[in-house]
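Report on the structure given below.
The values are calculated or read from the model by the stated rules, or taken from the named source; none is laboratory data. Note that the structure is a prediction, hence the values are computed from the model and not measured. So basically every Cβ, Gly included, is an ideal-geometry build from the backbone, and we count neighbours across all protein chains shown.
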Amino acid sequence: MINQVIYPEPIEAAIAQLESWWQTLGNRYLFGNYSLSPRSLALLLLQKDPGLWETMQRDQEQCRHLEVLITVTQNQLKQPIGLAIANTRQSQARTIERVVLQETRKRRSPLAETLHQLTVNPITGFPILVFILYYGVYKFVGEFGAGELVDRIEGFFESQINPFVNQITAQVIPWKSIQDLIAHDYGIITLGIRYATAIVLPVVATYFLMFSLLEDSGYLPRLSLMLDRLFKSVGLSGRAVIPMVLGLGCDTMATMVTRTLETKRERLIATFLLSLAIRANASK
């Protein structure tokens with residue numbers, strides 16, 4: 001069972017004296033509107049709570065007595081009254097925490113700890129970042145996703161699907177305008193679906209696959225920690241690295257992710273950097 005918070009002796013003596021005043025002052029006109037215990041009110045008065053202190057101004061004599069009591073109490077302490085009260089409460093909170101909580105800690109493996117230190121240390125972290133951006137974003141997303149996959153899927157459409165759609169459309173639909181709407185150079189299938197499947201899908205799929213690997217591995221929080229000081233030089237925090245890296249693959253999605261930044265100022269700076277410094281087709 002956790003007992004009542006016990007403050008240093010000078011504060012407890014002042015509380016006792018104020019509680020004795022409560023019987024004659026509080027019920028009469030001073031503190032009737034406060035649903036607090038006399039002890040709580042006494043602590044607030046010792047810390048010169050603005051609301052209660054304004055109420056005390058109604059009785060100048062009692063206000064002077066209270067100021068004398070606060071001064072005497074303060075002279076007996078080695079720190080301000082408010083700080084002494086806060087330190088006592090914090091110590092009591094830690095005691096309660098030790099009593100009611102039981103923490104089980106899992107030791108981090110030596111390999112995980114080594115990787116953590118390598119990724120957050122600027123000396124080793126920046127080469128790792130360059131390696132990930134080059135092979136993960138540029139090579140995998142830019143060359144493989146936006147290059148080879150796009151060429152293969154688009155070639156398959158042009159050699160297999162588009163001729164078939166053009167042929168079927170010409171046989172089934174006699175109207176030229178409807179044929180052009182579905183097939184030929186600017187048709188819904190031959191152009192719209194081809195672009196969505198052959199160009200957009202490979203880029204988005206490869207980028208978000210890479211991004212999910214970085215996120216699930218825990219690398220992004222460590223990258224934010226490492227780049228925090230660098231980003232602060234342009235008015236951002238390390239958290240802005242997520243939309244900035246995301247902008248290498250999808251500028252629109254990165255702009256939406258800026259909502260995770262804490263302040264409006266950071267969101268505006270990140271949005272301007274994404275629009276001015278990173279092209280929408282940077283991954284290609």
Problem - Single match in Ser177, Ser237 (criterion: among the hydroxyl-bearing types (Ser, Thr, Tyr) and either loosely packed, with under 13 Cβ neighbours inside 10 Å or modelled with pLDDT of 85 or more (or both)) - result: Ser177
Practice task
Answer yes if at least one residue in the stretch 93-103 is of a type in the set (Asp, Glu) and surrounded by 13 or more Cβ atoms within 10 Å (Cβ to Cβ), and no otherwise.
Solution key: no
Handout entry: Pair list, Cβ under 7 Å, 6 or more apart: the stretch 42-57 residue surrounded by fewer than 17 Cβ atoms within 10 Å (Cβ to Cβ), other residue at pLDDT below 85
Key = Gln57/Cys63
Practice task
Working only within the stretch 45-57, note down all residues that are modelled with pLDDT under 85 and not in a loop (DSSP other than H, G, I, E, B).
Solution key: Leu45, Pro50, Gly51, Leu52, Trp53, Glu54, Thr55, Met56
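Results for (1) at pLDDT below 85; (2) under 38 Å from the mean Cα position of the chain (by Cα), shown as yes or no for each residue.
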site: Lys78; (1), (2): no, no
site: Gln92; (1), (2): no, yes
site: Arg98; (1), (2): yes, yes
site: Asn166; (1), (2): no, no
Exercise for the section: Might you let me know whether the stretch 194-216 holds any residue that is hydroxyl-bearing (Ser, Thr, Tyr), farther than 18 Å from Phe140 by Cβ, modelled with pLDDT of 85 or more and in a helix (DSSP H, G or I)? Expected result: yes
Practice task
Starting from residues that are crowded, with 20+ Cβ neighbours inside 10 Å and more than 13 Å from Gly145 (Cα to Cα), keep the ones in the stretch 193-212 and report whichever is nearest to the chain's Cα centre (by Cα).
Solution key: Phe211
Problem - Residue check for Tyr186: on the phi < 0 side of the Ramachandran plot and part of a helix (DSSP H, G or I) - result: no
Practice task
Out of the residues in the stretch 118-132 that are assigned to a helix (DSSP H, G or I) and over 22 Å from Met210 (Cα atoms), state the one that is modelled with the highest pLDDT.
Solution key: Ile123
Practice task
Inspect all residues belonging to the stretch 133-143 and state whether any of them is in a helix (DSSP H, G or I), of a type in the set (A, V, I, L, M, F, W, C) and outside the structural domain of Arg222 (by TED's automatic domain parsing).
Solution key: no
Practice task
Considering only the stretch 181-192, state which residues are over 10 Å from Asn162 (Cα atoms) and loosely packed, with under 14 Cβ neighbours inside 10 Å.
Solution key: Tyr186, Ile188, Gly192
Completion exercise
Inside the stretch 245-256, the number of residues satisfying the requirement of being surrounded by fewer than 19 Cβ atoms within 10 Å (Cβ to Cβ) and at pLDDT 75 or above is 2
Exercise for the section: Starting from the stretch 120-145, keep only residues that are within 16 Å of Gly238 (Cβ to Cβ), then list their pairs with residues that are hydrophobic (A, V, I, L, M, F, W, C) and surrounded by fewer than 17 Cβ atoms within 10 Å (Cβ to Cβ) whose Cβ atoms are within a distance under 6 Å, requiring at least 6 positions of separation or different chains. Expected result: Val120/Leu225
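Report, by residue number, each residue of the stretch 254-273 that is free of Cβ contacts under 8 Å to residues at least 12 places away in the same chain and touching a helix residue (DSSP H, G or I) at 6+ places or on another chain (Cβ under 6 Å). Please lay out each step first, then the result.
Taking the stretch 254-273 as the starting set, the residues that turn out to be free of Cβ contacts under 8 Å to residues at least 12 places away in the same chain are 256, 259, 263-264, 267-268, 272.
Residue satisfying the conditions is Arg267 alone.
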